[in-house]
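J.: Starting off with a structure, shown below.
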Amino acid sequence: MNKKRIVILLLILVIPVFSLAQVTVIKAGKLIDPKEASVQENVLILIKGTRISNVGPDIAIPEDAKIIDLSDYSVLPGMFDCHTHLCLMIKAKGTLGLAFLADYLLNTTADKALQGVENARTYLESGFTTIRDVGNAGNFADVALKRAINAGKFPGPNTLVTGKIIAPMGGQHHVNSENLDYPKIEYIEADTRDEMRKGIRLNLHLGADWIKIVIDDQRYIYSAEDVRFMVDEAAKAGVKVAAHCVTEKGVRNAIEGGLASIEHGFIMSDEALQMAKDKGVWLCGTDFSKEVWDVYGSPKSYPGIVNRLKRAYQIGVKMAFGSDIVVEIPGHTRGSAALTLLDTWLDAEVPASDILRALTTNSAEMLDMAKIRGNIKPQMRADIIAVPENPLENILTLREVKFVMKDGKVYKNLQ
Ligand SMILES: [Zn+2]
């Protein structure tokens with residue numbers, strides 16, 4: 001085929017794609033830029049297909065554009081939750097450990113996937129357009145869920161997953177000698193370097209976007225060298241490691257091992273927080289609200305969480321938003337339950353501008369997608385939400401999301 005024919009063929013293939021792309025214009029009463037903590041009034045956002053193509057007060061509105069009038073609302077990028085468990089819904093009362101095990105007995109991977117479908121929808125309806133799901137999804141239900149959402153079969157946020165959690169023997173459980181296989185339903189037990197490497201490769205092979213490890217839920221914990229080995233192994237495939245750490249020693253091993261994000265870190269000392277800051281390690285603190293602690297039967301834990309969040313903010317650790325809700329919170333969907341954590345951030349006296357950054361631009365940066373998601377700029381994905389008030393003045397307005405667009409598609413419109 002000569003060059004001219006190739007060009008003509010390419011034009012025939014490409015032109016319909018351009019002409020079919022839906023053109024939408026959003027009239028934003030207030031446009032919020034979380035990174036700059038700035039507000040622009042009466043702005044137009046031009047969206048072509050899945051991306052934002054122009055933003056400004058005077059842009060020309062194409063004739064065939066669909067107009068969405070949000071001139072009475074504050075418009076901002078969709079929110080992120082970097083620590084979710086969409087496929088896990090613990091309903092049993094009692095201690096969390098027993099309820100976890102009951103979940104294995106009561107729910108198959110299929111049940112978990114279907115639970116994930118419901119939770120994903122509620123997340124999107126609450127204004128979360130990107131999530132990182134960090135395991136407890138049976139036999140890779142998270143990967144199936146991600147594929148289905150990304151293929152447009154079910155409504156849900158743009159979803160990253162971690163597959164099965166890698167942990168020392170026992171995972172996060174303490175079972176008896178006759179039930180040693182239970183943890184293997186959701187954990188890859190990895191105690192030797194070969195097992196660690198194999199676990200990472202299994203997750204990558206099956207579709208994990210991040211690797212999640214648990215450092216310190218047993219008496220034997222991963223060392224800094226173990227963490228370094230897994231970080232290096234994942235990095236060979238361009239993938240980062242997030243680590244569940246709940247002890248001071250575990251946190252220090254995680255930071256020294258060079259991992260990307262500390263999950264929880266509930267009791268970190270100032271020194272450990274400073275280490276995290278110095279090494280550029282993200283804290284995804286999953287700072288449970290009082291409502292969540294009440295369900296866990298542990299309301300006394302709340303002040304400690306507020307204190308750690310306050311110290312982390314004052315020390316200047318990079319923070320992304322993560323909720324880690326795995327239980328039913330009365331009166332809430334999973335999506336709205338995640339936003340109960342705003343109470344913790346407010347009680348820790350974090351300014352609204354920085355709470356909003358944690359929910360958007362910071363999380364996008366941690367997930368290596370700040371160039372395409374997390375703000376409303378030309379060439380970025382059209383992940384856009386609207387709320388009644390300016391969130392920089394009243395962050396709790398984020399609990400009243402009235403409009404949700406993900407990748408240029410409207411999922412909620414002024415309901
Ligand atoms: Zn978690």
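Please treat every number below as a calculation from the coordinates, not as lab data. For clarity, every value in this text was computed on a predicted model and none was experimentally measured. Here the Cβ positions follow ideal geometry from the backbone for every residue, glycine too, while neighbour counts run over all protein chains shown.
J.: Give me the percent relative contact order of segment 115-205, please, defined on Cα pairs under 8 angstrom at least 6 residues apart.
T.: Working: 128 pairs, mean separation 24.8, N = 91.
For segment 115-205, the relative contact order is 27 percent.
J.: DSSP loop trypsin sites (Lys or Arg not before Pro) in segment 79-143 with at most 13 other Cβ atoms within 10 Å of their Cβ, which ones? Spell out each step's value before the answer.
T.: Numbers: sites: Lys91, Lys93, Lys112, Arg121, Arg132; in loops: Lys91, Lys93.
Of the trypsin sites (Lys or Arg not before Pro), the ones in loops of segment 79-143 whose Cβ has at most 13 other Cβ atoms within 10 Å are Lys91, Lys93.
J.: Still on this model: Just want the answer: with Cβ charges of +1 for Lys and Arg and -1 for Asp and Glu, which residue in Leu204, Thr333, Ile355 is farthest toward the dipole's positive end in segment 79-366?
T.: With unit charges placed on the Cβ atoms, the residue in question is Leu204.
J.: Taking amide H positions as placed 1.01 Å from N in the peptide plane, with prolines and chain starts having none, which residues 5 or more places from Lys412, or on another chain, fall under 5 Å of its amide H?
T.: Val404
J.: Just from its helices, what would the mean residue ellipticity at 222 nm be for the chain, if runs of 4 or more DSSP H residues each count -39500 (n - 2.57) and the sum is divided by every residue, rounded to the nearest 500 deg cm²/dmol?
T.: Numbers: 14 runs with 146 residues, N = 415.
Mean residue ellipticity, 222 nm, calculated: -10500 deg cm²/dmol.
J.: Provide the gained length on full extension for the span Leu114 to Glu248, in nm with one decimal, where the gain is 0.36 nm per separating residue minus the Cα-Cα distance. Walk me through the numbers before you get to the answer.
T.: On the way: separation 134, 0.36 × 134 = 48.24 nm, distance 3.66 nm.
Result: 44.6 nm gained on full extension.
J.: Cα centroids of segment 272-297 and segment 388-415: how far apart, whole angstrom?
T.: When both Cα centres are located, 25 Å separates them.
J.: Now, a different point. By a straight-distance test (C-alpha under 25 Å), which lysines pair with Lys153 as possible cross-link partners, with residues fewer than eight away in the same chain excluded?
T.: Lys48, Lys66, Lys112, Lys164, Lys402, Lys406, Lys409, Lys412
J.: With a 10 Å radius around each residue's Cβ, average the other Cβ atoms per peptide and rank 162-172, 309-319, 289-299, highest first. Intermediate values should be presented prior to the final figure.
T.: On the way: 162-172: 23.5, 309-319: 19.4, 289-299: 17.5.
Ranked by mean Cβ neighbours within 10 Å, highest first: 162-172, 309-319, 289-299.
J.: About the Cα centre of the chain, what is the dipole size in debye to 20, counting +1 per Lys and Arg Cβ and -1 per Asp and Glu Cβ, all else neutral? Don't skip to the end; give the middle numbers.
T.: Values: 49 positive and 51 negative charges, 305 e Å.
For this selection, approximately 1460 debye.
J.: Right, here's the next one. Give me the angle, in degrees from 0 to 90, between the Cα long axis of helix 109-125 and the longest principal axis of the Cα atoms of the chain, rounded to the nearest 10.
T.: Orientation of helix 109-125: about 50 degrees from the principal axis.
J.: Can you tell me the length gained on complete extension of the stretch Ser269 to Lys236, counting 0.36 nm per residue apart and subtracting the Cα distance? Can you show the working numbers first?
T.: Details: separation 33, 0.36 × 33 = 11.88 nm, distance 3.19 nm.
Taking Ser269 through Lys236 to full extension adds about 8.7 nm, to one decimal.
J.: Tell me the label-point distance for the pair Lys279, Asn413, using the 7 Å Cα-to-Cβ offset, in nm and rounded to one decimal.
T.: Placing both labels 7 Å beyond Cα along the Cβ direction yields 4.9 nm.
J.: Here's a follow-up. Any idea which of Met268, Ile165, Gly408 is furthest toward the positive side of the dipole for the chain, if Lys and Arg beta-carbons carry +1 and Asp and Glu beta-carbons -1?
T.: Value computed over the given set: Gly408.
J.: Residue farthest toward the positive end of the dipole of the chain, with Cβ of Lys/Arg at +1 and Asp/Glu at -1: which of Met319, Pro303, Val55?
T.: Val55
J.: How far is helix 193-206 tilted, in degrees, relative to the longest principal axis of the Cα atoms in the chain, given as a value from 0 to 90 rounded to the nearest 10?
T.: 30
J.: In cubic angstrom, how much convex hull volume per residue do the alpha carbon atoms of segment 240-320 span? Before the final figure, lay out the partial values.
T.: Numbers: hull volume 6.7 nm³, N = 81.
Taking only Cα atoms, segment 240-320 has a hull volume of 82 Å³ per residue.
J.: Set the Förster distance to 51 Å, then compute FRET efficiency between Met169 and Asp64 from the Cβ-Cβ distance, nearest 0.05. Intermediate results must be reported in sequence, preceding the final value.
T.: Details: r = 61 Å, r/R0 = 1.19.
Taking R0 as 51 Å, the efficiency between Met169 and Asp64 is 0.25.
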